[in-house]
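Enquirer: Pasting a structure here, questions to come.
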Number of protein chains: 2
Amino acid sequence: MELYGERGFESTTAAEIAERAGLTERTFFRYFADKREVLFWGAAALEAYLVRHVDEAPDGLAPLEVVSLALCSAADDFFDDRREFALRRQQVIAANPELHERELIKLANLASAVAEALRRRGVTETAATLAAEAGVAVFKVGFEQWARGSGAQTLAEQLRSSFGDLRAVAGA
Amino acid sequence: MELYGERGFESTTAAEIAERAGLTERTFFRYFADKREVLFWGAAALEAYLVRHVDEAPDGLAPLEVVSLALCSAADDFFDDRREFALRRQQVIAANPELHERELIKLANLASAVAEALRRRGVTETAATLAAEAGVAVFKVGFEQWARGSGAQTLAEQLRSSFGDLRAVAGA
């Protein structure tokens with residue numbers, strides 16, 4: 001991530017990333033299909049984590065509340081103390097349209113997986129898709145704010161505040 | 001669109017589309033940069049329309065209400081009587097990952113433009129982004145349902161019902 005920031009994504013090679021991380025190029029490619037995947041490492045683990053938390057959420061909550069709880073737990077378990085990494089990552093992605101596309105696809109896939117987990121809880125097709133899409137939108141907005149912020153609040157605190165903002169903009 | 005449905009997107013050429021539409025290939029390329037753009041024709045007009053409607057919305061509405069009104073007007077002015085076209089288009093896009101990516105990018109751009117228009121109305125940065133992202137998510141979900149539906153309701157009716165669903169999943 002440091003290298004992407006220093007040189008730009010395009011002109012950093014996988015060999016250079018491997019070297020900086022103290023890995024051989026062969027080991028690097030055992031973990032990552034290509035140099036873009038470094039930026040999206042953890043997406044599969046995050047998805048599995050969210051799905052499990054949606055599956056295990058208590059009964060009787062509104063669908064968006066279920067999504068909010070899962071995301072706030074993930075915030076603590078995945079992103080605590082990683083604000084600077086998150087900020088650098090955002091800057092690299094914002095500077096490269098191809099990476100921005102990949103980010104959008106990963107977020108869309110995350111929303112689909114969460115929607116499917118909600119449907120397994122008996123939430124209707126439409127409500128599940130809406131809650132998942134809205135939840136991921138809140139995550140995207142809250143995550144960006146947190147990454148750009150001073151670090152005074154945790155990501156989970158930021159997300160809770162962003163979910164409150166969503167209820168406010170919806171006129172609730 | 002008929003051709004994409006009959007043969008698949010990959011094996012349809014721009015020349016064939018032009019012929020079916022009664023255009024020369026040269027005229028076709030004057031309107032569309034490539035054969036993918038046929039599917040996203042109208043995106044710029046839709047964006048301009050939404051931005052104008054957000055700019056001109058009455059004062060005192062919740063941000064998501066402003067977005068909802070703009071989208072429902074657009075539904076009547078752009079998509080009335082185009083349900084079959086919309087359904088075929090969805091099927092072509094769903095069958096092709098590259099088109100799906102482009103669809104996600106166009107929707108993300110639409111959300112950015114709407115958020116910017118909301119900020120011009122004095123809505124705060126966060127509330128504007130959230131209302132725009134949530135509004136576009138409702139549009140995406142409502143549009144898919146409408147395209148797959150029986151045609152008993154208009155897109156605007158479907159969207160109003162989907163905005164109600166969003167308030168319900170948010171526990172409002």
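The values are calculated or read from the model by the stated rules, or taken from the named source; none is laboratory data. Being a predicted model, the structure only gives us computed values, none of them experimental. Note that we place each Cβ from the backbone using ideal geometry, even for glycine, and neighbour counts take in every protein chain shown. Note: areas computed on protein heavy atoms with side chains; ligands, DNA, RNA excluded. Shrake-Rupley method; radii C 1.70, N 1.55, O 1.52, S 1.80 Å.
Enquirer: I need the helices (runs of 4 or more DSSP H) fully contained in region B:55-121, keeping only those with at least 1 residues that are loosely packed, with under 15 Cβ neighbours inside 10 Å and of a type outside the set (V, I, T).
Expert: Filter on region B:55-121 gives B:83-94, B:97-120.
Enquirer: Of the numbered conditions (1) in contact (Cβ under 8 Å) with a residue 12 or more places away in the chain; (2) more than 7 Å from chain B (Cβ to nearest Cβ), A:G122 satisfies every one except a single condition; which is it?
Expert: Here A:G122 meets the rest and fails (1).
Enquirer: Right, another one. Does B:T129 satisfy the condition of being at the interface with chain A (Cβ under 8 Å from one of its Cβ atoms), closer than 18 Å to B:L61 by Cα and open to solvent by 20 Å² or more (accessible area, probe 1.4 Å)?
Expert: yes
Enquirer: Picking from A:L69, A:L130, which residue would you name as being among the hydrophobic types (A, V, I, L, M, F, W, C), at pLDDT 90 or above and closer than 17 Å to B:A111 by Cβ?
Expert: Going through A:L69, A:L130 in turn, the sole match is A:L130.
Enquirer: Go through region B:145-172 residue by residue and tally those that are within 25 Å of B:A44 (Cβ to Cβ) and more than 8 Å from chain A (Cβ to nearest Cβ).
Expert: The qualifying residues number 8.
Enquirer: Looking only at region B:72-97, which residues are in contact with a Leu (Cβ under 9 Å, 6 or more places away or on another chain) and within 14 Å of chain A (Cβ to nearest Cβ)?
Expert: B:I93
Enquirer: Looking only at region A:98-119, filter to residues that are facing another protein chain (nearest Cβ under 10 Å) and in contact with a His (Cβ under 9 Å, 6 or more places away or on another chain); which one of those is nearest to A:A57 (Cα to Cα)?
Expert: Per the criteria, the residue is A:A108.
Enquirer: What number of residues within region B:119-148 are more than 17 Å from the chain's Cα centre (by Cα) and more than 18 Å from A:R160 (Cα to Cα)?
Expert: Counting residues in region B:119-148 that are more than 17 Å from the chain's Cα centre (by Cα) and more than 18 Å from A:R160 (Cα to Cα) gives 5.
Enquirer: A further question on this structure: What number goes with the only condition from (1) open to solvent by 10 Å² or more (accessible area, probe 1.4 Å); (2) among the aliphatic types (A, V, I, L, M); (3) closer than 21 Å to B:V138 by Cα that A:A152 does not pass?
Expert: Evaluating A:A152 over (1) open to solvent by 10 Å² or more (accessible area, probe 1.4 Å); (2) among the aliphatic types (A, V, I, L, M); (3) closer than 21 Å to B:V138 by Cα leaves (3) as the failure.
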